[in-house]
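Structure, as structure tokens:
The values are calculated or read from the model by the stated rules, or taken from the named source; none is laboratory data. This is a predicted model, so every value here is computed, not measured. Cβ placement follows ideal geometry from the backbone for every residue including glycine, while neighbour counts extend to all protein chains displayed.
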Amino acid sequence: MAATVCAGVLRIPLQVTDSLVPMLDAQRSSSVIAAFGSGATNPGYFRPLRAAQIQALFELSNGHYFAAYKGFQAAAVLAVFVLFLLLLEVNSLERAAALLFALTVLTGLHTFRGTVWEAYPVNHSIEVVAFCLLALLLARSKPGRWTDAAAALTFIAAIFTVESGLLVWVVIVGAWLTGARGISRRGVAIVTVLLAGYLAMRFAYLRTGVPALSERSTGFGLRQLDPAELQRRFGAWPYGFYAYNVLSSILTVLFSEPRAGIWTVPAEFMRGRIAGGTIINVVSSTVTTAIIGWFVVARWRQWWRERSFDRDDQLVVVSLAVIAANGVISYSYTKDEIMGPGGVFYALAACVSVAALLSRPVQPAASALALILAMTASAWVVRTAGLHYQMNVMTFYDRNEWVYVDDWLVQQKSAPTTDDGKALVRQLREDALQRSSVNPYLLSPRLDQWFR
Amino acid sequence: MTRSHWMLASVAVPALGWIVLGVIWLIATALGVPRGFDSRTMTLTEASAVASHADAAVLLRGGADPNAASRLRGGLVMNSATTMTPLEAATGAIRSGPVQMLLDRGARIDEGNYAVLWCGAAARRNTDMLRFLESRRPERTPIDCTKVRSLW
């Protein structure tokens, strides 16, 4: 599965939007340290390590930009799969079956798509997922000074890469509260002090601030609102809008609705037809969430009364904490890919819950349950196929964008003025155009309806 | 098989099937199969029909004639395979094709093909193309589509 996802990632060209301007910046920047400094002082965002990574890969690529950036991205995808497998500790047939199910949840959930496919040109979304999984693995490993140090380094790397790196702290604290002692009390304290230092540096010293309402469009209700309308409707009192974003972000992981803040089922119903893919998404997510819910209810009494958590309980509780926290940090706008870490942890929780369900003694209604599970597992396979279809569509559109890259650069007021800059754009355009793609319009036009 | 085995199979078999398919797909991709969906097999007419601006740019740069009729496989504009010019295909395909690129590379819209394109776009309700054609109308005479060669 990891190989097919990586193959899909490697087919997509480095995109014009989000990738080209950072690469042109890297070409102009004098060093990795200068890029780090620049990434620390952007208004609204504090992402110094992201800028440094882009710079380092640009310099190390020796002109093979696609290989450098996409190779790094594929390595991050592989790391996520490996960490996911290590965390699930497969030691029984039930566990193995649940793992197969969970892998389709991991790759089929719509939040994974946005997490995995884009290059900016370094994909920080997938990096944060890897950092969160690594933190949980450390928390569940043997304790020691090196484990604490690794946890602190993981946290620093995550928060210096992108804001959602804060989730690493949630993972570490959540794991500690549920009895995982791989990271000691001192280690948790160090990471918490680092968190306080990060917040103080960002808001008090650098005054980086937070993204403004007027920065981007986002979904609300049944449609997309542009920045001007967001400002007009919520500018005076944005907190209700923020609450909507938090709730939407959590619900999209649990029920695949809404999508990027837009409620697709009623929106499609009002247009006259709910797509088959939308039904598959909502039903498969709802059944899987119900199984996780069953696990939580079954274990709740023990958690509450005895404060006792086994290793499976830890995974589920930490996963739910990550989903909730991921929703909270998405307060300013909601996008499917921002919930990438929440989606991956949802797959972890699904694995544990399904394994617990399979381990129960056979019940009278086992046949009906087997049928429901088979249908749900099949639906997740369809969604996984959808990931590959959508990555293919992305390849097609990204490649087309390169045809008009010069016009786009002029619109963005980012057209390179140096010969080196122009040569870089030319090289990347040639690289994109020479790649072949499977044209989505040569496939059945009905696929769009099933792969949402 | 016992009922517990059925439970395990119900969860695992769909994913296992997908993994097998994935392996087959990776091998097929490595071998370059199937090429039928691959952009490298397209003519300029087909690239225009499916709005593949990138493939149209590559083909034009390779010397493809923007006014020449060429193969258009079935299912893109019409159910069966046929022959069309790139502009006719772009008109009939609803999607916003690389019309401006074709014109920049020498495709002609003149009295000989204007009415055919206009009627084709009208029949397809291709509003982008209709707007574009209106801006390039050679003369302000009404067009009678019943007397114009139909694209399909």
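Points to keep in mind about this one:
- With respect to being outside any loop (DSSP other than H, G, I, E, B), in contact (Cβ under 8 Å) with a residue 60 or more places away in the chain and touching a Leu at 6+ places or on another chain (Cβ under 9 Å), B:E88 fits the description.
- Enumerated helices (runs of 4 or more DSSP H) restricted to the range A:356-452, each holding at least 1 residues that are farther than 27 Å from B:A56 by Cβ and β-branched (V, I, T): A:366-403
- Yes/no for A:L194 being surrounded by 14 or more Cβ atoms within 10 Å (Cβ to Cβ) and modelled with pLDDT of 95 or more: yes
- Residue match in the range A:38-50 (condition: among the charged types (D, E, K, R), part of a loop (DSSP other than H, G, I, E, B) and more than 14 Å from every other protein chain (Cβ to nearest Cβ)): yes
Listed here are the residues, each with its yes/no results for (1) in the same structural domain as B:H53 (by TED's automatic domain parsing); (2) part of a loop (DSSP other than H, G, I, E, B); (3) free of Cβ contacts under 8 Å to residues at least 24 places away in the same chain; (4) surrounded by fewer than 19 Cβ atoms within 10 Å (Cβ to Cβ).
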site	(1), (2), (3), (4)
B:I94	yes, yes, no, yes
B:L102	yes, no, no, no
B:G106	yes, yes, no, yes
B:D110	yes, yes, no, yes
B:L117	yes, no, no, no
B:A123	yes, no, no, yes
B:L130	yes, no, yes, yes
B:R137	yes, yes, yes, yes
B:P142	yes, yes, yes, yes
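- Checking A:Y244 against (1) at pLDDT 90 or above; (2) crowded, with 17+ Cβ neighbours inside 10 Å; (3) farther than 30 Å from A:V287 by Cα, the condition it does not meet: (3)
- Of all the residues in the range A:86-99, those that are without any contact (Cβ under 8 Å) to a residue 60 or more places away in the chain and farther than 14 Å from A:A356 by Cα number 1.
- Residue tally, condition of a type in the set (G, A, S), over 22 Å from A:L443 (Cα atoms) and within 12 Å of chain A (Cβ to nearest Cβ), over the range B:58-100: 1
- Check on A:G179, within 15 Å of the chain's Cα centre (by Cα) and surrounded by fewer than 21 Cβ atoms within 10 Å (Cβ to Cβ): no
- Screening A:V90, A:V32 for residues that are under 30 Å from B:H5 (Cα atoms), of a type in the set (V, I, T) and over 21 Å from the mean Cα position of the chain (by Cα) leaves exactly one candidate, A:V90.
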